[in-house]
Amino acid sequence: MKYKQLIVVMIMACMVSACKTTGEATADETTTAKTTVTSKHPCLDLGIYEKSGVDELGLTELLKQAKSGNPCAQNEMGRRLGVGEGVEINSEESFAWYKKSAAQGLAIGQVNLAYMYFKGEGTRKDLEQAKYWFLQAANQGHFEGQRMLGYMYITGTGVEKDGKEAEKWYLQAANQGHVDSQYSLHYMYANGDGVEKDEGKAVMWLHRVRDARLYGEVWKKK
């Protein structure tokens, strides 16, 4: 189906500096999730679009900060090890650093850890854990966590297919300006996929995509 193919392309492109269906994790992972630094790290207060500055650090200093407990540095170490930027690609080490970052509550670290579980990179594929960590990020307002929960529910990936849940999460991401989620809502309303068919809403969301000047790129991916 074209919709599924489009979303798969989006997923593969979205690794960013980069459970049970009830949203619960295993005992080990829940313990990890509750492990936080004793004093909140400043980078945890950054907005989604703000830079922490660690992406500009040399590898030696970055590793030093990551080992000292900086969750942004831990996430950046995970990213570099995942893509081989300045180091050899090591998916297992990438996973380990993302896990440290996620455990401290960094939303983007939680998203990246979720993707590792979702794709089975650096660890076993585990859609329950993927959902759990996407949910942690989504509850902090991260659009990628919200978008991926929408995807999982509309496709029935790792969860029972639920159009209303998909709509809920896509709306949260779309209302933050996330264009892929806006297009997904357009598709759902235009085709009655998981929700009642609604041409008015379908057109509205398509206009939002067009206004973001990504309308043409979305259609190229179909």
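Quick note: the coordinates plus some simple rules give every number you see, no bench work behind them. From a predicted model like this one, the values you see are computed outputs, not experimental measurements. For neighbour counting, all protein chains shown are included, and Cβ atoms are generated from backbone atoms with ideal geometry for every residue, glycine included.
Mind sorting 207, 186, 178 by how few other Cβ atoms lie within 10 Å of their own Cβ, fewest first? Write down the numbers at each step before the final one.
Working: 207 13, 186 22, 178 19.
Ascending number of Cβ neighbours within 10 Å: 207, 178, 186.
Taking the number of Cβ atoms within 10 Å of each Cβ as an exposure proxy, the fewest-first ranking of 68, 91, 184 is 68, 91, 184. Taking the Cβ-Cβ separation of residue 90 and residue 191 as r and a Förster radius of 30 Å, what is the calculated FRET efficiency to the nearest 0.05? That pair, residue 90 with residue 191, gives E of 0.10. Highest mean packing first, where packing is the average number of other Cβ atoms within 10 Å per residue, the peptides 75-81, 161-167 line up as 75-81, 161-167. Among 154, 89, the ranking by other beta carbons within 10 Å of each residue's beta carbon, starting with the fewest, stands as 89, 154.
Return the FRET efficiency for the residue pair residue 139, residue 204: r is the Cβ-Cβ distance, R0 is 35 Å, and the value is rounded to the nearest 0.05.
On the way: r = 27 Å, r/R0 = 0.76.
Once rounded, the FRET efficiency stands at 0.85.
Rounded, prolate or oblate: which fits the stretch 98-188, taking a ≥ b ≥ c as square roots of the Cα gyration tensor eigenvalues, rounded meaning a/c under 1.5, else prolate when a/b beats b/c? Here the stretch 98-188 falls in the oblate category.
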